[in-house]
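Heads up: the structure comes next, in structure tokens.
The values are calculated or read from the model by the stated rules, or taken from the named source; none is laboratory data. Just so we're clear, the structure is a prediction, and the values are computed from it rather than from any experiment. Here the Cβ positions follow ideal geometry from the backbone for every residue, glycine too, while neighbour counts run over all protein chains shown.
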Amino acid sequence: MNLMKNVIEAVLKKKELKGIDESIALKEIERNLTSKTFELIKKERFKSAEFKDFIKKVRASLRRQFGAFNNPKIDRKELIKKKAYGEILMSHLSSKERMPYYKEVYDKIFSIIGKPDSIIDLGCGFNPLSIEFMDYSPKKYLALDINADDLKIIQEYFRQKKINGEAKVFDATELKNYDFNENFDACFAFKVFEIFEKTKSHRLTEDIVLRIPSKKIAASFSTKTLSNAPMKRKRRIWFEIMAKRLGFRVDYFMIPNEIFYVLIK
């Protein structure tokens, strides 16, 4: 285990990945581990080209899930002390792009599903702080993400706003984690499904949707490519077909750079 600790530290050395919980990093290491790489680790050949390639592969996977959206230069601990919620939202790429449209987004979502008393937010980033743009406060909020440091900021936000909220480290790609023993009025899954997917079958998304403990899901997808160019086909027809096949009614709307789907079963 001490050797694996060294591997975890090597993976999380990059600033943009530092807040990721070690247990999440370990799972990603194990997913990518081969017998050859394991032998390198046992022999402590940490400077070999093969080991460095392995570390790059694990980092790339974690960066897809978290690092690409994060700005490690911003001191969010100071911002939360100042109750600078807008600045914290601006420090994360997804919420930054959404900032001018948050009220519109929630008005449209809630016009379809009503105002949920309880919300589960999957791969939340700093989205829970966007409660500031709702015209009410939910009675319960469960924020799930892989970044332990960011979740501490969210938990402090809940405390400051006197919201019955819990911020919890959660690996959304592990299907066994979805046993919550309770249901929620709504689930937010903003820009997460295509990050989680590693194949073109979309099977993981379907498995997650089936396990989400809510009959009302608001999911979103980027309408820009990785190179920041507008996508020619912004709708995710595969997602619409899948949701309808699973018995959901499907509505959608767009804001610049993002398409939202609202599912109701």
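Can you name the residue in the stretch 1-35 that is hydrophobic (A, V, I, L, M, F, W, C) and farther than 28 Å from His92 by Cα and is also modelled with the highest pLDDT among such residues? Top of the filtered list is Leu33.
For the stretch 1-33, the set of residues classified as touching a residue at least 12 places away in the same chain (Cβ under 8 Å) and more than 26 Å from Phe170 (Cβ to Cβ) consists of Leu3 only. Return a yes/no flag: does the stretch 243-250 have any residue that is assigned by TED's automatic domain parsing to the domain that holds Asp117, farther than 21 Å from Gly114 by Cα and surrounded by 21 or more Cβ atoms within 10 Å (Cβ to Cβ). Checking the stretch 243-250: not a single residue is assigned by TED's automatic domain parsing to the domain that holds Asp117, farther than 21 Å from Gly114 by Cα and surrounded by 21 or more Cβ atoms within 10 Å (Cβ to Cβ). Can you name every residue in the stretch 229-241 that is over 21 Å from the mean Cα position of the chain (by Cα) and not in a strand (DSSP E or B)? Residues satisfying the conditions are Ala229, Met231, Lys232, Arg233, Ile237, Ile241. Go through the residues of the stretch 109-125 one by one and say whether even a single one is part of a loop (DSSP other than H, G, I, E, B), among the aliphatic types (A, V, I, L, M) and in contact with an Asp or Glu (Cβ under 8 Å, 6 or more places away or on another chain). The answer is no, given that none of the residues of the stretch 109-125 is part of a loop (DSSP other than H, G, I, E, B), among the aliphatic types (A, V, I, L, M) and in contact with an Asp or Glu (Cβ under 8 Å, 6 or more places away or on another chain). Scanning the stretch 231-257 for residues that are in contact with an Asp or Glu (Cβ under 7 Å, 6 or more places away or on another chain) and more than 20 Å from Arg203 (Cα to Cα) yields Ile255, Asn257. Given the criteria farther than 30 Å from Lys81 by Cβ, of a type in the set (Gly, Ala, Ser) and crowded, with 17+ Cβ neighbours inside 10 Å, does Ser201 qualify? No.
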